[in-house]
Amino acid sequence: MGKVDLAIRNGRPVTGAGVGEPADIGIEGERVACIGIVPAARDEIDARGKLVLPGCIDAHVHLSYPLADEGEPGWVDDFTSGSAAALAGGVTTVGNICFPLPGETPLQTLEREEAQAREMAVADYLLHPVLSRPTPEVLADIPTLARYGCRSIKLFTVFPWFDQEVRGILEAVHLAGASGLLTLVHCEDRPLIAFATAQLVAEGKTGLQYYPVSRPVVSEVVATQRVVALAEVAGAPVHVVHLSSRRALEVCRDARRRGVPVHVETRPMYLHFTEDRFSGPDPGRFVGQPPLRTASDLDALWEGIAQGDIDTVATDHAPWLLADKIDPAHTIEAVRPGVADLETLLPVLYSEGVRSGRISLERLVQVLSTNAARLLGLFPRKGTIRVGSDADLVVFDPECSRVVDGACMHSRADYSVYDGWEVTGWPDVTVRRGAVVYRDGQVMGRPGTGRRAAAVQKG
Ligand SMILES: [Zn+2]
């Protein structure tokens, strides 16, 4: 046997199916070439005492924001800085939400964002075009998206036109399913939020301590029920993103029991923080939509991961500068939602989930990689470690402890919600399609080397 390009020696491989004994992994070009007996390599990585994980797939991030108002602060990462944060955190594929410019059809949105990502990304990427009002032009684009290798569209139930367009939306979800696309849905009910907010405003209760009351759990529950109904009637799969509450999870669990194709994502914030943060210092730091919930919700989400009711954990990485996040002028009616989390997703979930005994290592890999690969048509090219798969690998040091300081990390966001937390378990090396893109604290990949993760052809 000749030399291989890269060998990772003596690490314990972890897949969604189990934890292996220490083994060598050989990489040729972009793919895993051999596991077990691996010849000498041009580049060797000693992974003794380390875990080797499939690269994480964070299917929900914001690395572009074409709608930012002139002069207003916006999300601060692009495909290059977002890739750096991703790769340093063991994420090798990101799924970017692509908002349409006024008048754009989904295909035009996809092509515009693809041009940007192709030039700037280092991580591999998926693009999720956001569905605008379901006009005949927009609907006509949906089957074409699939032909371009796109695997998903994104829908927001909080859009102002949602309630007037349910019939057209049903058509869109049906067309998406028939074309092999997954519909990702942000589930919160706009009228309920508007009413709850107006009542608080009338009482003068506009401070962020009232933020959870302004977007009550029931607004998530009713929107989730409605989206389950869309999936059920359209006969098409939906993926509820950033699910935050016990009651909304129960809605999805019930739907799944009845065979409705409903998949569930939660985001790390809901696993690590509760709503009392909005009564503490700098509540703006923790603002997302939906808001943080109670300890009972937090427990339900951990159980949901452990039991398999939650398919994926994705960050909804939406990075801001701290000064813009904690603007004292903010009220329940004026907030900047979203937090940066790409670099901390895996380490914090490992530290708080696996080390604390809440979830197994296999489950960690399932919710951070394998399940997203399956849902988005990438498995087994991505989402696992096997001969012939993309060499997207993370050499992970389960004993490395570090105190989080968002100001020194790779996202341009200058803070982290975990600032000051001691987190144990960090990536040592990240390999994306055979290229070492992160090592010794340095991101090395060149912008433009990331590629759109294309769906695996079904034979
Ligand atoms: Zn989002």
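The values are calculated or read from the model by the stated rules, or taken from the named source; none is laboratory data. Here the structure is a predicted model, which means the values were calculated and not measured. Cβ coordinates were reconstructed from backbone atoms using ideal geometry, including for glycine residues, and neighbour counts include every protein chain displayed. Surface areas here come from the heavy atoms of the whole protein model, side chains and all, with no ligands, DNA or RNA. Shrake-Rupley method; radii C 1.70, N 1.55, O 1.52, S 1.80 Å.
Structure data summary
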| item | result |
| --- | --- |
| Residues of segment 439-454 with amide N under 19 Å of the 7 Å Cα→Cβ point at residue 118 | 446-454 |
| About the Cα centre, charge dipole magnitude for the chain (Lys/Arg +1, Asp/Glu -1 at Cβ), debye | 1300 |
| Backbone HN-Hα couplings from phi across segment 26-35 [Karplus 6.51/-1.76/1.60, Hz, Gly and Pro as x] | x, 10, 10, x, 9, 10, 6, 9, 7, 10 |
| Efficiency of FRET between residue 232 and residue 454 - r from beta-carbon atoms, R0 41 angstrom, step 0.05 | 0.85 |
| Computed over segment 296-350: relative contact order in percent, which uses C-alpha pairs under 8 Å that are six or more apart | 37 |
| Set of lysines with alpha-carbon distance to residue 325 below 23 Å, sequence-local pairs under 8 removed | 205 |
| Charge-dipole axis of segment 183-330 as Lys and Arg at +1 and Asp and Glu at -1 on Cβ define it, positive-most pick from 288, 211, 261 | 261 |
| Whole-number Å³ per residue for the convex hull built on Cα positions in the chain | 135 |
| Share, in percent, of DSSP beta bridges within the chain that are antiparallel, nearest 5 | 50 |
| Relative contact order of segment 1-123, pairs being alpha-carbon contacts under 8 Å that are 6 or more residues apart, as % | 22 |
| Nearest 10 degrees, 0 to 90: helix 106-120 Cα axis against the chain principal axis | 40 |
| Percent accessible area from carbon and sulfur atoms, segment 55-375, protein chains only, probe 1.4 Å | 52 |
| Candidate aspartates and glutamates for bridging to residue 3, where Cα separation is under 17 Å - those fewer than 8 sequence places away on the same chain excluded | 24, 28, 30, 43, 44, 46 |
| Residue-by-residue Karplus 3J(HN,Hα) for segment 305-313, coefficients 6.51, -1.76, 1.60, Hz, glycine and proline x | 5, 4, 8, x, 7, 10, 7, 9, 10 |
| Per residue, in Å², the accessible surface of the chain once ligands and nucleic acids are set aside, probe 1.4 Å | 37 |
| Mean Cβ count within 10 Å, highest first, over the residues of peptides 175-184, 256-265 | 175-184, 256-265 |
| Mean separation of Cα contacts under 8 Å (6+ apart) over length of the chain, as relative contact order % | 22 |
